[in-house]
1. If I model the chain as equal point scatterers sitting on the Cα atoms and use the Debye formula, what is log10 I(q)/I(0) at q = 0.12, 0.18 Å⁻¹?
2. Quick one: 3J(HN,Hα) in Hz for the range 31-44, Karplus 6.51/-1.76/1.60 with θ = phi - 60°, rounded, Gly and Pro as x.
3. Just check the range 1-50 against the gyration tensor rule for me: Cα atoms, a ≥ b ≥ c as the square roots of the eigenvalues, rounded for a/c under 1.5, and otherwise prolate or oblate depending on whether a/b exceeds b/c.
4. Using Cα springs under 10 Å in a Gaussian network model of the chain, which residue among Lys14, Lys41, Lys76 shows the largest mean-square fluctuation?
5. Pairs Lys41/Lys63; Lys41/Lys76; Lys21/Lys49: which are spaced more than 18 Å apart, C-alpha to C-alpha?
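Values quoted throughout were computed directly from the atomic coordinates according to the rules given, and no laboratory measurement underlies them. Computed from a prediction, not measured in an experiment: that's the story for all the values here.
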Amino acid sequence: MSKVIENLILSHPKDNVATAKSPIKSGTSLTISKAKKITAKEEIPFAHKIALRGIPRDGAVIKYGERIGRAIREIKPGEWVHIHNVTGERGRSKKK
């Protein structure tokens, strides 16, 4: 089900992040679809995630069509998505 778009791998159509197939330099323009492009806001290391659209603070980070974590701050399209702006939620008890 994965789809390669330019220098990115999109694992599922619902995803709001994609994985870099190789390092991406800040300022690189990436074509996501015929109607959508994003610009890398910072260096994205090989195999790391880049935001395809804005993710609000406390919003879900979606990969493989599933929620893999929560944004601990607003993440803008083209930003590196990693432990500095996402917290994992798997294996943690839910707050009541």
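1. -0.35, -0.76
2. Those phi angles translate into 8, 8, 7, 4, 9, 9, 10, 10, 10, 4, 7, 7, 5, 10 Hz.
3. Taking the square roots of the gyration eigenvalues as a ≥ b ≥ c, the range 1-50 is oblate.
4. In the Gaussian network model the winner is Lys14.
5. Values: Lys41/Lys63 20 Å; Lys41/Lys76 8 Å; Lys21/Lys49 10 Å.
Beyond 18 Å between Cα atoms: Lys41/Lys63.
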